[in-house]
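Below: one structure, written as structure tokens.
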Amino acid sequence: MPILTVDMTAGTLTAWRKRVGDAVKRGDIIAEVETDKGLIDVEVFTTGVIERILVQAGETVPTGTVLAVITEEAGTQVFVARPVPGAPVPAAPPAAPPPIAETPGRPRISPLARKVAAELRVDPASVRGTGPGGAVTRDDIERAAADRAQPPARPVEAPDRQARMRQLIGAAMARSKREIPHYYLGTTIDMSRAMTWLAEENLKRPVTERLLTGALLMKATALALREVPELNAVWRGAEAVPSPAIHIGVAISLRGGGLVAPALHDADRRSLGELMTGLRDLVRRARSGGLRSSELSDPTITVTSLGEQGVETVFGIIYPPQVAIVGFGRVVERPWVVQGRIEARPVLAATLSADHRVSDGHRGGLFLAAVDRLLQEPGAL
Amino acid sequence: MIKMTYRDAVRSALREALRGDPRVFLMGEDVGRYGGCFKVTYGLLEEFGPERVRDTPLSESTFLGAGVGAALGGMRPIVEIMTVNFSLLAMDQIVNNAATLRHMSGGQLSVPLVVRMATGAGRQVAAQHSHSLEGWYAHIPGIKVVAPATPADARGLLLAALHDPDPVFVFEHSALYGIDGEVDEGAAPDVIGRALVRRRGDAASVITYGGCVGKALQAADQLAADGIEVEVLDLRSLRPLDTSAILASVARTHRAVIVDEGWRTCSFAAEVSAQIMEGGFYSLDAPVGRVCSAEVPIPYAKHMEDAALPQVAGIVHAVRETIGSHG
Amino acid sequence: MIDSGSPVPPPPPRAHALELLSQMLLVRRFEEKSAELYTLGKIRGFLHLYIGEEAVAVGAMQALTEDDGIVATYREHGQALARGIPAGALMAEMYGKANGCSRGRGGSMHFFDVARRFYGGHAIVGGGLPVAVGLALADRMLGRPRVTACFFGDGAVAEGEFHESLNLAALWRLPVLFLCENNLYAMGTALERHQAQPDMRLKAQGYTIPAEAVDGMDVLAVEDATLRAAAAVRRGDGPFLLEIRTYRFRAHSMADPELYRAKEEVEQWKSRDPIALFLGRLRFWRLLDDADLAAIDARVAGQVDEAVRFAEAGPWEPLEDLCRDVYTRVQP
């Protein structure tokens, strides 16, 4: 199929003007082809006899397809119309980059990265840039923020940010178990007053503002930490520095596996309603992947509660650089001794895993005792 | 050094060229007997005769193409197209011959042609006589485009154009013909492709050319009264563009405002802005601003025409915008 | 066979006659080979064949000296070959190779050879006329008594540049030889459908330019008419317009299905094939026999084959050179 128009890549052979066995000479019209410009005659450039026809009338074939074979007088066979490949065309050299102006002493960071750096409280100068010419990009800033709290033990290769977060946390857990001397305390708390109060309180509230037990537990934990502040500290290499604020990391399980513990900021100063709203928001965003890096690095202590999963007691692993983790189980009906008699009471197992470099069992015990005491006066939470 | 007007400086350069090189001749409408539409060529016919100062019929396409042919034939023609508005009739000869003959012939031909055109608006001569199309010409590989803003540059760049073996288009803003400036009639020809800093500053780079340079300097004075010292860069050459001068200025000031009398959309200012973005992105503290003509054919009524064109107030405003809201 | 329509001139010298025949045959075979190579994809873009018009370029070129200048159109293979530009350089140009006459930058429509004063190869209809006027202007101003021959088609006569150029050339008495190759069609539009006044001579007269018409299928008539016209221009009389009436046997370009003209009309003109007509006369004058013709055919075939070999063997320009030859001096 000859190339007959400027950008022809295929043609339809509409009619043969000659048959097998016909003699043809140079310049004869041998067939007709339909192109996007209309019907164009196909001429032969050789003299001889048509030996074979390979494409039938009505067929559409790409240019370069052999249409017929002609035997020349000298006996050589000529193919209509197959191009002979020519010399290869050179490949493209790389494009030269445009001129760049540099202001000496001025870091190469994009406006977007600068904004995110301000939000995440990252110093751009300390970040290694992976953008054009070593410029600092948004991704670089976010990675730096995540690494600052939980430096990974092995390189991160996860395809999505949630997976990457999980990997970072997993690495942190392994390191925690290796390096932190954990000690564990547990106690059982009588929740009858708390549950009664909760039920009455929730009757007064619209459905959307009802409180869950978890809000009481968070508040009690936060207020108890005021009494035992060394459990609300940050480990800095060789010593624990008490945190002025109490940000409770709420352990939230993710669909598809994995756990995150974003911060409920200033838990000691928020009302139960505010804590409830905050909890709901964290859960929603954790499950939709909308948490900010700062929320993962801000907690000063973590609370893990597996009551919904039906677990009675949970001893957690401390999230470095925190120095303690509080665990709450399911509220269950158990026999309880009240003034010598046995009756059924709703009770809850509360645990503390703590860094023995920072606190000892005595202080830990005081903490749990405080939590217990606070939960006996739910109205004051 | 003597003080002379822009038009006198151009005439002086033309006279010097006609005297110094017998291959130079002028060709255009009313350049001879009429003395030139803007009186630039006044007296040259009397001095050099009709063979070297040729009045043409109103045939822009053919007399510009003839300029190309004469250049190929060994002459050094200076073709005057009365204004850029009429050059549209010669576009085919400019784009398909002047700009491309060297390339299409595989490097066998050079076209040492100089074309002068008056350009710009501001005299209430309405839409068909008020274009600023330098940006269109700067788009074309194969030609060069200069826009002198001072009498000294009008002389220097025209002489540089004559020494260039390739086609050079010289745009003379019609509002500049009467301005005064110091000119050294003994100075060597200038260099095409080099911008000049007209005023040093650190708050922002005001980048402009031709008829807008004066307005930019006035705006700079106004801003200085408020303690804002802007740098004014006169591009002088649109193709080739002095990109390194532009980037060096922006590296110092971190802000840029481009002033261009063309319409804003697809303007020359857009090209400069893109180059600043490509080469100076990490130096910028604010987006690059543009002060251009409004998206309207230039109207006749004075208050309308003034509103359509870039003005001092608009430049001041653009500079404040780029400093204030983002600084 | 003698064409009974034109007066019988005296036979030309044998060597010259055989030279004219060889040149026409070279153009014919070169064009046929180009058509074949286009269908094989070796030549791309646009290809405008000169088949049928050979007598025009070959005849007219006889009137021009080495010193004269030539401006032509995109259908300029005949003019280029008749001017003496090597067939290999032209074929390589159509292949796009670096050993092409324009380094492969132009292709079929933009043949340039400055050493032979061949200034293109213009693809914009009418676009070459102003350039020809300028070349003639330079010659006049520098006192060089040489002619600039400007080939253009009947289609160009509609463009403004035609009128502006004739006017300016006449006004300034410039030595331009305007050669209108009237093949009766501006691509697909017949002359009487695009010209209110189809007589070219009257148009020239409107600009006070002397004009003549000649049968473009008769190479000797074309040669004779062009010699006289060129002599007038060379004398300093100003421009001259020669209308050369001819016909292209092929389509406007390779992509043209020729819906605008009847096959009968084409066949009729083919009966006046300029090469066949000239061959007939040469035989009549006994200036050529079968052996002569066979020798010429073989030589021409060899030239075309060599041209193809030259093109096939030619190098591609390296891509690093993409932006060269935009300006004469590379920017620092």
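The values are calculated or read from the model by the stated rules, or taken from the named source; none is laboratory data. Bear in mind the structure is a predicted one, so any value in this text is a computation, not a measurement. Positions of Cβ are generated from backbone atoms using ideal geometry, with glycine treated the same way; all protein chains shown enter the neighbour counts.
Which residue is nearest to A:Arg334 (Cα to Cα), if the candidates are limited to segment A:369-381 and must be crowded, with 21+ Cβ neighbours inside 10 Å and in contact with a strand residue (DSSP E or B) (Cβ under 7 Å, 6 or more places away or on another chain)?
Ranking the candidates gives A:Leu375 first.
Any residue in segment C:316-328 that is facing another protein chain (nearest Cβ under 7 Å) and closer than 15 Å to C:Lys97 by Cα sitting within a Cβ distance under 9 Å of a residue that is at pLDDT 90 or above and part of a loop (DSSP other than H, G, I, E, B)? List the pairs, counting only those 6 or more apart or interchain.
C:Trp316/C:Gly96; C:Trp316/C:Lys97; C:Trp316/C:Ala98; C:Trp316/C:Gly104; C:Pro318/C:Ala98
Give the residue that is modelled with the lowest pLDDT, with candidates limited to residues of segment A:165-194 that are within 21 Å of A:Ile252 (Cβ to Cβ) and in contact with a Phe, Trp or Tyr (Cβ under 9 Å, 6 or more places away or on another chain).
A:Ile169
Conditions first: (1) in contact with a Cys (Cβ under 8 Å, 6 or more places away or on another chain); (2) at pLDDT below 95. C:Val71 passes all but one, so which condition is the exception?
The number of the failed condition is (2).
Sort out which residues of segment C:36-61 are buried (at least 20 other Cβ atoms within 10 Å of the Cβ) and part of a helix (DSSP H, G or I), and write them in order of number.
C:Leu37, C:Tyr38, C:Thr39, C:Glu54, C:Ala55, C:Val56, C:Ala57, C:Val58, C:Gly59, C:Ala60, C:Met61
Scan segment A:53-75 for residues that are part of a loop (DSSP other than H, G, I, E, B) and more than 26 Å from A:Asp36 (Cα to Cα) and jot them down.
As a first pass, look at segment A:53-75 and keep what is part of a loop (DSSP other than H, G, I, E, B): A:54-59, A:63-67, A:73-75.
Within segment A:53-75, A:Glu73, A:Ala74, A:Gly75 qualify.
If I ask for residues that are of a type in the set (Val, Ile, Thr) and assigned to a strand (DSSP E or B), which ones from segment A:333-381 would you list?
Start the filter on segment A:333-381 by keeping residues that are of a type in the set (Val, Ile, Thr), which leaves A:337-338, A:342, A:347, A:351, A:358, A:371.
Within segment A:333-381, A:Val337, A:Val338, A:Ile342, A:Val347, A:Thr351 qualify.
Which of (1) away from chain A (no Cβ under 14 Å); (2) crowded, with 20+ Cβ neighbours inside 10 Å; (3) touching a strand residue (DSSP E or B) at 6+ places or on another chain (Cβ under 9 Å) does C:Phe278 not meet, given it meets every other one?
Failing condition for C:Phe278: (3).
What do you reckon, is C:Glu66 surrounded by fewer than 20 Cβ atoms within 10 Å (Cβ to Cβ) and under 22 Å from A:Thr46 (Cβ atoms)? Before you say what the answer is, go through the steps one by one.
Values: surrounded by fewer than 20 Cβ atoms within 10 Å (Cβ to Cβ): yes; under 22 Å from A:Thr46 (Cβ atoms): no.
No; evaluated as a whole, the condition is false for this residue.
Among the residues of segment B:55-68, write down those that are in contact with a Phe, Trp or Tyr (Cβ under 8 Å, 6 or more places away or on another chain) and either buried (at least 23 other Cβ atoms within 10 Å of the Cβ) or at the interface with chain C (Cβ under 7 Å from one of its Cβ atoms) (or both).
The answer is B:Thr56, B:Pro57, B:Glu60.
Could you please find all residues in segment C:143-158 being part of a helix (DSSP H, G or I) and hydrophobic (A, V, I, L, M, F, W, C)?
Once the filter is applied, which keeps residues that are part of a helix (DSSP H, G or I) and hydrophobic (A, V, I, L, M, F, W, C), segment C:143-158 yields C:Ala156, C:Val157, C:Ala158.
Which residue pairs have Cβ atoms under 9 Å apart, sit 6 or more places apart or on different chains, and have a first residue in segment A:197-217 that is more than 15 Å from A:Thr277 (Cβ to Cβ) and a second that is at pLDDT 90 or above and among the polar types (S, T, N, Q)?
Here the result reads A:Leu198/A:Thr213, each pair linking segment A:197-217 to a residue that is at pLDDT 90 or above and among the polar types (S, T, N, Q).
Looking at (1) surrounded by fewer than 21 Cβ atoms within 10 Å (Cβ to Cβ); (2) under 26 Å from A:Leu272 (Cβ atoms), which is the one condition that is false for A:Val228?
(1)
Name the single residue that is nearest to B:Gly65 (Cα to Cα) among those in segment C:106-119 being buried (at least 23 other Cβ atoms within 10 Å of the Cβ) and within 7 Å of another protein chain (Cβ to nearest Cβ).
Selected residue: C:Tyr119.
Within segment A:166-203, take every residue that is in a helix (DSSP H, G or I) and in contact with a strand residue (DSSP E or B) (Cβ under 6 Å, 6 or more places away or on another chain) and give me the one that is nearest to A:Asp147 (Cα to Cα). Write out each step before concluding.
Our first condition is that a residue be in a helix (DSSP H, G or I); within segment A:166-203, this holds for A:166-179, A:192-203.
With the extra rule that they be in contact with a strand residue (DSSP E or B) (Cβ under 6 Å, 6 or more places away or on another chain), the set shrinks to A:192, A:195.
On the way: A:Ser192: 43, A:Met195: 41 Å.
Looking at the filtered set, the residue picked out is A:Met195.
Of the numbered conditions (1) free of Cβ contacts under 8 Å to residues at least 24 places away in the same chain; (2) at negative phi; (3) surrounded by fewer than 16 Cβ atoms within 10 Å (Cβ to Cβ), A:Phe315 fails exactly one; give the number of that condition.
(1)
Limited to segment B:73-104, what total is found for residues that are touching a helix residue (DSSP H, G or I) at 6+ places or on another chain (Cβ under 6 Å) and within 7 Å of chain C (Cβ to nearest Cβ)?
Residues meeting the conditions: 5.
This table checks each residue for (1) away from chain A (no Cβ under 14 Å); (2) modelled with pLDDT of 95 or more; (3) touching a helix residue (DSSP H, G or I) at 6+ places or on another chain (Cβ under 6 Å); (4) in a helix (DSSP H, G or I).
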residue: C:Met217; (1), (2), (3), (4): yes, yes, yes, no
residue: C:Tyr247; (1), (2), (3), (4): yes, yes, yes, no
residue: C:Arg261; (1), (2), (3), (4): no, no, no, no
residue: C:Arg272; (1), (2), (3), (4): yes, yes, no, no
residue: C:Ala311; (1), (2), (3), (4): no, yes, yes, yes
residue: C:Gln331; (1), (2), (3), (4): no, no, no, no
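Among the β-branched types (Val, Ile, Thr), at negative phi, in contact with a strand residue (DSSP E or B) (Cβ under 9 Å, 6 or more places away or on another chain) and touching a residue at least 60 places away in the same chain (Cβ under 8 Å), is that true of B:Val114?
No.
Sort through A:Thr9, A:Thr35, A:Thr47, A:Thr14 and tell me the only one that's of a type in the set (Val, Ile, Thr), at the interface with another protein chain (Cβ under 9 Å from one of its Cβ atoms) and closer than 26 Å to C:Leu49 by Cβ.
A:Thr35
So which residues in segment A:21-54 are among the basic types (Lys, Arg) and under 60 Å from the mean Cα position of the chain (by Cα)?
The one that is among the basic types (Lys, Arg) and under 60 Å from the mean Cα position of the chain (by Cα): A:Lys37.
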